[in-house]
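Here's the structure, in structure tokens; my notes come after.
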Amino acid sequence: MKKIYAILAGASLFGLAACDVDQTKNAQLPDVDVNVSGGQAPEFNVTPPEVNVGTENVTVQVPDVDVKVPAENAQ
């Protein structure tokens, strides 16, 4: 189970590393006084990578394996 979590974490980190993130507006904290006015959250433009996924039919040759089981009562 830990192996699955590690694979998912690695895949998500790889996906995030491929994104191009540009901050378009800086954050602004609210004024600190008795009358608090609203602040401003930062704005970002995120450009995800272009991913092309397809399928391909491939014939794979596998070896022929013969298993010889010894007889139970062989002495």
Under a crude label model (7 Å from the Cα following the beta-carbon direction), how far is I7 from N26 in nanometres? 4.5 nm
Residue by residue through region 43-50, the couplings from Karplus 6.51 cos²θ - 1.76 cosθ + 1.60 with θ = phi - 60°, in Hz, x for Gly and Pro, are 10, 10, 9, 10, 10, x, x, 8
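Laboratory data are not the source of any read-out in this text; all were calculated from the coordinates shown. Being a predicted model, the structure only gives us computed values, none of them experimental. Positions of Cβ are generated from backbone atoms using ideal geometry, with glycine treated the same way; all protein chains shown enter the neighbour counts.
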